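Read through the structure below, which is laid out as structure tokens, and then see the notes.
The values are calculated or read from the model by the stated rules, or taken from the named source; none is laboratory data. It should be emphasised that the depicted structure is a prediction, and the values quoted were computed from it without experimental measurement. Cβ coordinates were reconstructed from backbone atoms using ideal geometry, including for glycine residues, and neighbour counts include every protein chain displayed. All accessible areas refer to the heavy atoms of the entire protein, side chains included, with ligands and DNA or RNA removed. Shrake-Rupley method; radii C 1.70, N 1.55, O 1.52, S 1.80 Å.
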Amino acid sequence: MEKKVKAKKLPWRGIPQYEEIEKYIPYEKNITGYYRVSKIKRKRTKQGFTFRYTYKQNGKQKMIDNVDIKKLEQEVKKRGLVWRKIQQ
């Protein structure tokens with residue numbers, strides 16, 4: 001991993017912490033404007049989509065879904081996870 005990080009001319013300080021890696025994730029594809037939130041098409045919802053927050057816990061990928069982004073924000077904060085608006 002160290003070679004890959006240095007090949008991209010990113011700083012390497014031993015084993016990078018999770019937050020340090022997340023700084024370099026490209027956000028151009030995220031149209032919601034929120035960190036780790038994606039818009040998923042759903043046929044069973046009235047509006048035709050839901051918002052999904054994706055995170056890793058104990059090496060497993062987990063998700064929180066909600067139709068309303070404000071309710072999703074409350075749920076994410078209630079669980080103590082990072083909720084951040086992407087600055088573009």
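Considering only the stretch 52-61, how many residues are among the charged types (D, E, K, R) and over 14 Å from Val37 (Cβ atoms)? Full working, then the answer.
First, the residues of the stretch 52-61 that are among the charged types (D, E, K, R): 52, 56, 60.
Still in the running and over 14 Å from Val37 (Cβ atoms): 56, 60.
So the answer is 2.
Taking the condition of being within 10 Å of the chain's Cα centre (by Cα) and not small (Gly, Ala, Ser), how many residues in the stretch 35-62 meet it?
8
Against the condition surrounded by 13 or more Cβ atoms within 10 Å (Cβ to Cβ), at pLDDT 85 or above and part of a loop (DSSP other than H, G, I, E, B), how does Trp83 come out, does it pass?
Working: surrounded by 13 or more Cβ atoms within 10 Å (Cβ to Cβ): yes; at pLDDT 85 or above: yes; part of a loop (DSSP other than H, G, I, E, B): yes.
For Trp83, the condition - surrounded by 13 or more Cβ atoms within 10 Å (Cβ to Cβ), at pLDDT 85 or above and part of a loop (DSSP other than H, G, I, E, B) - is met.
For the stretch 66-88, which positions are under 13 Å from Arg36 (Cβ atoms) and in contact with a Ser or Thr (Cβ under 9 Å, 6 or more places away or on another chain)?
Ile69, Leu72, Ile86
Only residues in the stretch 71-83 that are without any contact (Cβ under 8 Å) to a residue 24 or more places away in the chain count as the first member; pair them with residues that are open to solvent by less than 50 Å² (accessible area, probe 1.4 Å) and among the hydroxyl-bearing types (Ser, Thr, Tyr), Cβ under 8 angstrom, at least 6 apart or cross-chain, and list the lot.
Glu75/Tyr53; Val76/Tyr53
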